[in-house]
Amino acid sequence: MVRICAIASGSNGNCYYIGNNEEAILIDAGISRRKILQRMKMKNLDIRKVKAVFITHEHADHMRGIRVLSDLHSIPAYFTPKTYNRARPTDRPEKVVHFEAGDSIQIGEFTVHSFSKNHDAVDPVSFRVSINGFNIGVLTDIGEPCENVTSHLNKCDAVFLESNYDEDLLWSGPYPQHLKNRVASANGHLSNNQAAELVKNLKSSKLKHIFLSHISAENNKLDFALESFKEIGNTINVMPTSRFEPTLVLELTTTR
Ligand SMILES: [Zn+2]
Ligand SMILES: [Zn+2]
């Protein structure tokens, strides 16, 4: 049995759980250790199972909690060297393992495939995790989908997929012009429509579950994101994530 859950998702903090009966990994630790533990407990997820935390990039909403979490629980933190060097010294844990974008890293039965993507960070990566025959993608903070993103998404059974902003809300919203430009740029974030298009253009029919992730507080509404995925929802299980609470724990089981 594989269990996945967004412990936190949004522009103010990201943390994604992928586990089986024995072990688990986290992707990003963008909220405090205290909140990660609180929320995992709410969902009966055990921090002692977590064998590694993988960091996607140096933005605070992805690594705010990593040092304390890693140091206090003695969980190795996986960074690319460039991301590690760009991180504030106060965010750097003691137990660090370096990898390069493109590496596949084995953690127990988990194979964590890393790949680079378009985003305005020094060395941004995303991950596809293979475990017990399932493939789970964590695809957030993507300006423009590249070949890497498409080909890894094609292999996924379930994905945490960025659906960051609604175009109209962004352009009419409170952000200063340079920030609006940044969000919408090829190195910013995926809009609801871009994310939906990405899924519609997939050649694979494997994808069964989508968590709409990294939803902006200022430039989006969950209803708008869901609306963009309405048609997709006829064939794929589309679920929301939240900045305030963990999602449901999705259980993936083989039906053989
Ligand atoms: Zn982010
Ligand atoms: Zn980012």
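Give the number of residues within region 198-219 that are surrounded by 14 or more Cβ atoms within 10 Å (Cβ to Cβ) and part of a helix (DSSP H, G or I). Matching residues across region 198-219 total 2.
Applying the criterion of being in contact with a helix residue (DSSP H, G or I) (Cβ under 8 Å, 6 or more places away or on another chain) and in a strand (DSSP E or B) to the residues of region 103-124, the residue that is farthest from ligand 2 (Cβ to nearest atom) is HIS113.
Inclusion of ALA29 among residues that are within 16 Å of ligand 1 (Cβ to nearest atom), under 16 Å from the mean Cα position of the chain (by Cα), crowded, with 17+ Cβ neighbours inside 10 Å and in a strand (DSSP E or B) is not warranted. The C-beta contact set for region 101-112 (first residue free of Cβ contacts under 8 Å to residues at least 12 places away in the same chain, second residue surrounded by 17 or more Cβ atoms within 10 Å (Cβ to Cβ) and not in a loop (DSSP other than H, G, I, E, B), distance under 6 angstrom, 6+ apart or interchain) comprises ASP103/SER114; SER104/HIS113.
Within region 170-183, identify whether any single residue is more than 30 Å from ILE107 (Cα to Cα), in a loop (DSSP other than H, G, I, E, B) and of a type in the set (Gly, Ala, Ser), and answer yes or no. Scanning region 170-183, I find at least one residue that is more than 30 Å from ILE107 (Cα to Cα), in a loop (DSSP other than H, G, I, E, B) and of a type in the set (Gly, Ala, Ser), so the answer is yes.
Okay, residues lined up against (1) within 12 Å of ligand 1 (Cβ to nearest atom); (2) modelled with pLDDT of 95 or more; (3) among the small types (Gly, Ala, Ser); (4) surrounded by 15 or more Cβ atoms within 10 Å (Cβ to Cβ):
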| residue | (1), (2), (3), (4) |
| --- | --- |
| HIS119 | yes, yes, no, yes |
| PRO124 | yes, yes, no, yes |
| PHE127 | no, yes, no, yes |
| VAL138 | yes, yes, no, yes |
| ASP141 | yes, yes, no, yes |
| HIS152 | no, yes, no, yes |
| CYS156 | no, yes, no, yes |
| ASN164 | yes, yes, no, yes |
| PRO174 | no, no, no, no |
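The requirement of being more than 9 Å from GLU58 (Cβ to Cβ), surrounded by fewer than 16 Cβ atoms within 10 Å (Cβ to Cβ) and either among the aliphatic types (A, V, I, L, M) or within 16 Å of the chain's Cα centre (by Cα) (or both) is fulfilled somewhere in region 94-105, by at least one residue. Selection of region 40-69 for residues being among the charged types (D, E, K, R), without any contact (Cβ under 8 Å) to a residue 40 or more places away in the chain and either in a loop (DSSP other than H, G, I, E, B) or within 16 Å of ligand 2 (Cβ to nearest atom) (or both) yields only ASP46.
The values are calculated or read from the model by the stated rules, or taken from the named source; none is laboratory data. Given the structure is predicted, the values throughout are model-derived calculations rather than measurements. Reconstructed Cβ throughout: ideal geometry from the backbone, glycine too, with neighbour counts over all protein chains shown.
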